[in-house]
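Before any comments, here is the structure.
The values are calculated or read from the model by the stated rules, or taken from the named source; none is laboratory data. Just so you know, these numbers come straight off a predicted model, no measurement behind them. Heads up, the Cβs are rebuilt from the backbone with ideal geometry, glycines too, and the neighbour counts pull from every protein chain shown. Only protein heavy atoms, including side chains, enter the accessible area calculation; ligands, DNA and RNA are left aside. Shrake-Rupley method; radii C 1.70, N 1.55, O 1.52, S 1.80 Å.
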Amino acid sequence: MPRKKRQRRLLAPPSVKGFSVFGPKNRAEQVVLFFEEYEAIKLLDYDNLTQEEAAVCMEVSRPTLTRIYESARNKVAQAMVEGKDLLIRGGNFQFDENWYCCSDCKARFNMAAEDKDCPVCNSSEIVSLNAFFQASSSN
């Protein structure tokens, strides 16, 4: 019996929920990019980390990171070539810190305690993104 997968560590939640095709698209299907796949692309292609550095950030082995990254690249390519929307959700992950979003100004930030105000607009209407993203990963 295979052992249970360890949760992959994400530094921050993605700033978007996905991408939609401009022009003709196949509305019947969507490609789902898992949060850990998004993080692998971000670390390797956007932040220009080496695979070893990115694996340390995500707390996985380098071969595991390679498998995650290959899967992510295949999904992005499939969405582009076949004209499908790309949704970012689900997977097996945990955030490095507690992340929040202000309901009033939509700012995203991390902080130690939930009972503080938004650092941008001082609103007390803040929502935990950790709970939101963890709940969406089980769908």
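Using packing as a proxy for protection, rank 29-39, 13-23 so that the peptide with the highest average count of other Cβ atoms within 10 Å comes first. Intermediate values should be presented prior to the final figure.
Working: 29-39: 21.0, 13-23: 12.0.
Ranked from most to least packed, the peptides come out as 29-39, 13-23.
Quick one: Karplus J couplings for segment 74-80, per residue in order, coefficients 6.51, -1.76, 1.60, θ = phi - 60°, nearest Hz, x for Gly and Pro?
Karplus-based 3J(HN,Hα) across segment 74-80 equals 4, 5, 4, 4, 4, 4, 5 Hz.
Explain nothing, just compute: Karplus ³J(HN,Hα) = 6.51 cos²θ - 1.76 cosθ + 1.60, θ = phi - 60°, for every residue of segment 34-47 in order, whole Hz, x for Gly and Pro.
5, 4, 5, 5, 4, 5, 4, 5, 4, 5, 7, 8, 8, 7
Using a 1.4 Å probe on the protein heavy atoms, what percent of the accessible area of segment 6-123 belongs to carbon and sulfur? Kindly include the intermediate steps, with their values, before the conclusion.
Values: 3460 of 6930 Å².
For segment 6-123, the apolar C and S fraction of the accessible surface comes to 50 percent.
If Lys and Arg each add +1 and Asp and Glu each add -1, what is the summed charge of the other residues whose beta carbon sits under 14 Å from the beta carbon of residue 17? Please report the intermediate quantities before stating the final value.
Working: positive: 89, 106, 108; negative: 85.
With Lys, Arg at +1 and Asp, Glu at -1, the net is +2.
In nm, to one decimal, how far is the residue 127 label point from the residue 51 one, both placed 7 Å along Cα→Cβ?
Calculated label separation equals 3.8 nm.
If each residue of separation counts as 0.36 nm, what is the full-extension length gain between residue 9 and residue 29 once their alpha-carbon separation is subtracted?
Numbers: separation 20, 0.36 × 20 = 7.20 nm, distance 2.85 nm.
Full extension from residue 9 to residue 29 adds 4.4 nm.
Using modelled amide H (1.01 Å from N, peptide plane; none on Pro or chain starts), what sits under 5 Å from the amide H of residue 32, excluding residues fewer than 5 places away?
87
Once fully extended, how much extra length lies between residue 109 and residue 78, figured as 0.36 nm per residue of separation less the alpha-carbon to alpha-carbon distance? Could you put the intermediate results ahead of the total?
Values: separation 31, 0.36 × 31 = 11.16 nm, distance 3.25 nm.
Once the chain is fully extended between residue 109 and residue 78, it gains 7.9 nm.
How much length is gained if the chain between residue 20 and residue 67 is pulled fully straight, taking 0.36 nm per residue apart and subtracting their Cα-Cα distance, in nm to one decimal? Provide the component values of the computation, followed by the final result.
Values: separation 47, 0.36 × 47 = 16.92 nm, distance 2.51 nm.
Gain on stretching residue 20 to residue 67: 14.4 nm.
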